[in-house]
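The values are calculated or read from the model by the stated rules, or taken from the named source; none is laboratory data. Every value quoted in this text rests on a predicted model; they were computed, and no experiment measured them. Positions of Cβ are backbone-derived with ideal geometry, glycine not excepted, and every protein chain shown enters the neighbour counts.
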Amino acid sequence: MNGDDEAEFRNFVSVRMDSLRGLAYLTCGDWQLAEDAVAAVLTKLYTRWTKVRRPDSYVRTMVVRAAIDEVRRPWWHRERVAGDAMPEPPGPDATAVLIERLGIRAALARLPVRQRAVLVLRFLEGLSVQETAEALGCPEGTVRSHTSRGLAALRPLLGDDAEPALSSARSAQEEE
């Protein structure tokens with residue numbers, strides 16, 4: 001990789017890192033697993049950087065798949081390395097927004113992994129049915145059925161405003 005490509009890669013990572021970590025976290029529900037998934041994907045992306053035509057789409061797909069794989073991997077196969085760095089302190093957040101986020105996260109955690117991934121990609125990442133199907137490597141009909149079933153499962157947990165709650169969580173996530 002030449003210097004220009006490396007600078008372009010570093011810029012891409014610095015711009016997208018927070019949204020990739022958030023996507024991985026919302027997919028798997030665990031910050032450490034999300035960090036591991038993003039790190040593994042960025043390592044792979046670095047080696048393939050000059051060959052990837054659409055890095056946003058590629059990295060989004062790979063992060064979701066890696067986060068799902070991390071959830072499915074048995075706990076004894078996961079390595080834990082204690083880091084010296086403390087977690088970043090949270091920014092100021094309104095109580096109502098925090099309560100809504102916690103409710104959405106708890107409700108999403110109760111869904112099967114594939115339904116959760118579809119809802120995160122559709123409503124929090126703002127992808128279309130076709131883009132979500134490409135990211136997950138499944139037919140569009142599967143994305144539609146997972147969306148329908150996922151929203152149906154969330155409605156009793158979040159009330160009838162499950163879809164607007166997910167969309168408002170997306171806008172709150174973008175503000176961070």
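Conditions (1) surrounded by fewer than 16 Cβ atoms within 10 Å (Cβ to Cβ); (2) within 15 Å of the chain's Cα centre (by Cα); (3) over 19 Å from residue 63 (Cβ atoms); (4) among the aromatic types (Phe, Trp, Tyr), marked per residue:
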site	(1), (2), (3), (4)
118	no, yes, no, no
127	no, yes, no, no
130	yes, no, no, no
143	no, no, no, no
Practice problem: Please indicate, with yes or no, whether at least one residue in the range 101-115 is modelled with pLDDT under 85 and either outside the structural domain of residue 54 (by TED's automatic domain parsing) or within 20 Å of residue 28 (Cβ to Cβ) (or both). | Solution: yes
Quiz item: Which ranges mark the helices (runs of 4 or more DSSP H) fully within the range 1-75 that have 2 or more residues being over 17 Å from the mean Cα position of the chain (by Cα)?
Solution: 3-28, 31-48
Quiz item: Residue check, residue 137 against (1) at pLDDT below 90; (2) loosely packed, with under 11 Cβ neighbours inside 10 Å; (3) under 26 Å from residue 15 (Cβ atoms); (4) in contact with a helix residue (DSSP H, G or I) (Cβ under 9 Å, 6 or more places away or on another chain), all met but one. Which one?
Solution: (1)
Quiz item: Using beta carbons and a limit of 7 Å, which pairs, at least six apart or on different chains, have the first residue in the range 6-18 and in contact (Cβ under 8 Å) with a residue 24 or more places away in the chain and the second one in a helix (DSSP H, G or I)?
Solution: 9/46; 12/55; 13/42; 16/59
